[in-house]
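Just below is one structure, and these are the notes that go with it.
The values are calculated or read from the model by the stated rules, or taken from the named source; none is laboratory data. This is a predicted model, so every value here is computed, not measured. Neighbour counts are summed over all protein chains in view; Cβ atoms, including those assigned to glycine, are modelled from backbone coordinates with ideal geometry.
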Amino acid sequence: MEEIITGLTFYLFAAVTIASAIMVVGSRNAVHSVLFLILAFFTCSALFVLRGAEFVAMILVIVYVGAVAVLFLFVVMMLHVGENRLFQGVRRFGVVGVLVGLAVAAELIIVISTRAFRQDTPAVASNPTTADLNVTEALGQILYTDYFLLFQMSGLVLLVAMIGAITLTLRQRDGVKKQSIPQQIERKREDAVALRKVESGKGIG
Amino acid sequence: MIDLFLTVVWPALKIVLTILAVIVPLILGVAYMTLAERKVIAAAQFRHGPNVVGPFGVLQPWADALKLMFKEVILPAGANKVVFFLAPMLTFALAMLAWAVMPITENFAIADINLGLLYLFAISSLGVYGIIMSGWASNSKYPFLGALRSAAQMVSYEVSMGLIIITVVITVGAGGFNLGNIVEAQRDLWFAVIHFPMFVVFFISALAETNRAPFDLPEGESELVAGYFLEYSSMQFALFFLGEYANILLMSAMTVTLFLGGYLSPVEVWFLGDVWMQPIWFMLKTSFIAFVFLWVRATVPRYRYDQLMRLGWKVFLPLSLFWVVLTSGIIVGFGL
């Protein structure tokens, strides 16, 4: 019984993933595309949960859905891409698109047909997941031992990208009023307010 | 036939009943949270608050709910219909969904999963979509501006919240992502004592995450009328309203679980430490934190947007990062 339910859930989520992935490309409204992309991410993480990889699933939701896609949606909403402009380049770039698609499909087929993906082969040596290690621990064991350098390097690449983005967008503008927080805190009532006795009919000279 | 009942129907029914056992009190709590807010703010301002419907106004939430149900549903011109109606449902559903992993006694949570804390964080980080979608789908300036503000704000404060969660997980050690383990690790000493600065930072970030005063810029009345839910009426508005309060309760429960020892009794004397008292302790602590949410709203003036961003990125982020390094340094250095 449990297997039937798991199987049905898998097919449900898989179908939703594929359908929403198609809608990402096919939707006429750019914001709808992003929303479908988010749905695809979310159902993907559900698939990860079904496969027993909870940590990857949660991180997928937190990083991609919770942060990256929000900013993505943010930008797309601000751009106001009309339907006409969305399909403007179809004729010009259609051929290139089809070629890239075919190349990716060929790569996928080659990768999937290799030994590592076959069900009957025993677990690969670089995969130390055993019964007493859960996925989170197993992931940590691999990332911080075998692939430590690669892990650090990808972190550095992200750091460089971040610094690049900041230097590209940073500009010093003149004449902008900025609040200096220390100065603001230092400011006392006596510096700003003075109580004077005003004589009627004379005012303060 | 009986076999089918025992293997399929009964387990399913049991799950549904368990869920109802958590959701029904939660929804009641959310309804009375609206009353509590008005009563607390009234008390802070030397007023009486709602006191006409029922004794001390206790039937006010029902009156409000009935009123909202009979209002007309209005769809603004040029609004995106599906997204417009989806947004409030999403907000409300997500606020309910997160309670699935909350440990209410030492042997009860709807789903006692290994990565409960990450699940909680993931679901609460999805809350921003309800707001963004409503802002965009309304096809109106003010909701859109409110949604933009809210998106930037929630993403910013999530970063320091994530780091604080990491601090807690490091302190718990093995199995630290399980909420039950986190609570059990606080049997001797609450994390609010060890990580007091992080407790404060987490609570303030929770205020920003739920778009509450003093960080309620997404709905700032003075410049955005009502912010992202400006165009909503009737039950859609009610769902947003209830979703906000459900989120407050969720964040309170999260603060309690992470820092105030969850369902644990503060004193282990007489019957106070018994298992049947644990839900009561949990509720009391959550109510207290929720009260502080209201108290802050009645006391503190609203932040300016640049101050909000400064606080999030330049104060909280370095502080929580420093605390992660300090905590892990102490734990590794002293071999704890």
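Observations on the structure shown:
- Taking the criterion of being hydrophobic (A, V, I, L, M, F, W, C), within 24 Å of B:Ile289 (Cα to Cα) and touching a helix residue (DSSP H, G or I) at 6+ places or on another chain (Cβ under 6 Å), the residues of region B:27-59 that qualify are B:Val30, B:Ala31, B:Met33, B:Leu35, B:Val40, B:Ile41, B:Ala44.
- Of the residues contained in region B:45-63, none is found to be within 22 Å of B:Gly127 (Cβ to Cβ), of a type in the set (A, V, I, L, M, F, W, C) and surrounded by 15 or more Cβ atoms within 10 Å (Cβ to Cβ).
- Number of the exception - A:Gly66 against (1) at the interface with chain B (Cβ under 10 Å from one of its Cβ atoms); (2) at pLDDT 85 or above: (2)
- Hey, B:Leu118 surrounded by 22 or more Cβ atoms within 10 Å (Cβ to Cβ) and under 16 Å from the mean Cα position of the chain (by Cα) or not: yes
- Selection count, region A:149-191, where residues are more than 24 Å from B:Leu308 (Cβ to Cβ) and over 38 Å from the mean Cα position of the chain (by Cα): 4
- Subset of region B:86-119 [within 14 Å of chain A (Cβ to nearest Cβ), touching a Pro at 6+ places or on another chain (Cβ under 9 Å) and outside any helix (DSSP H, G or I)]: B:Asp112
- Scanning region B:1-46 for residues that are part of a loop (DSSP other than H, G, I, E, B) and either of a type outside the set (A, V, I, L, M) or in contact with a His (Cβ under 8 Å, 6 or more places away or on another chain) (or both) gives B:Gln45, B:Phe46.
- Tallying residues that are within 11 Å of chain A (Cβ to nearest Cβ) and either within 25 Å of B:Phe203 (Cβ to Cβ) or surrounded by 24 or more Cβ atoms within 10 Å (Cβ to Cβ) (or both) within region B:123-148 yields 14.
- Scan of region B:209-247 for residues that are under 11 Å from the mean Cα position of the chain (by Cα) and part of a helix (DSSP H, G or I), ordered by number: B:Glu209, B:Gly243, B:Glu244, B:Tyr245, B:Ala246, B:Asn247
- For region B:137-195, the helices (runs of 4 or more DSSP H) that sit wholly inside it and include 1 or more residues that are among the basic types (Lys, Arg) and over 23 Å from the mean Cα position of the chain (by Cα) are B:141-172.
- Scan of region A:33-49 for residues that are within 11 Å of another protein chain (Cβ to nearest Cβ) and either touching a His at 6+ places or on another chain (Cβ under 8 Å) or over 18 Å from B:Gly127 (Cα atoms) (or both), ordered by number: A:Val49
- Which listed residue is in contact (Cβ under 8 Å) with a residue 40 or more places away in the chain, within 17 Å of B:Ala238 (Cα to Cα) and within 25 Å of the chain's Cα centre (by Cα), from B:Val73, B:Val30: B:Val30
- Region B:73-103, residues that are surrounded by 20 or more Cβ atoms within 10 Å (Cβ to Cβ) and β-branched (Val, Ile, Thr): B:Thr91, B:Val101
- Residues that are in contact (Cβ under 8 Å) with a residue 40 or more places away in the chain, of a type in the set (A, V, I, L, M) and either within 14 Å of chain A (Cβ to nearest Cβ) or out of contact with any helix residue (DSSP H, G or I) (no Cβ under 8 Å at 6 or more places or on another chain) (or both) within region B:169-196 comprise B:Val169, B:Ile170, B:Leu179, listed in sequence order.
- All told, A:Ala53 falls short of being small (Gly, Ala, Ser) and free of Cβ contacts under 8 Å to residues at least 60 places away in the same chain.
- Scanning region A:135-189 for residues that are within 13 Å of another protein chain (Cβ to nearest Cβ), surrounded by fewer than 12 Cβ atoms within 10 Å (Cβ to Cβ) and among the small types (Gly, Ala, Ser) yields a single hit, A:Ser180.
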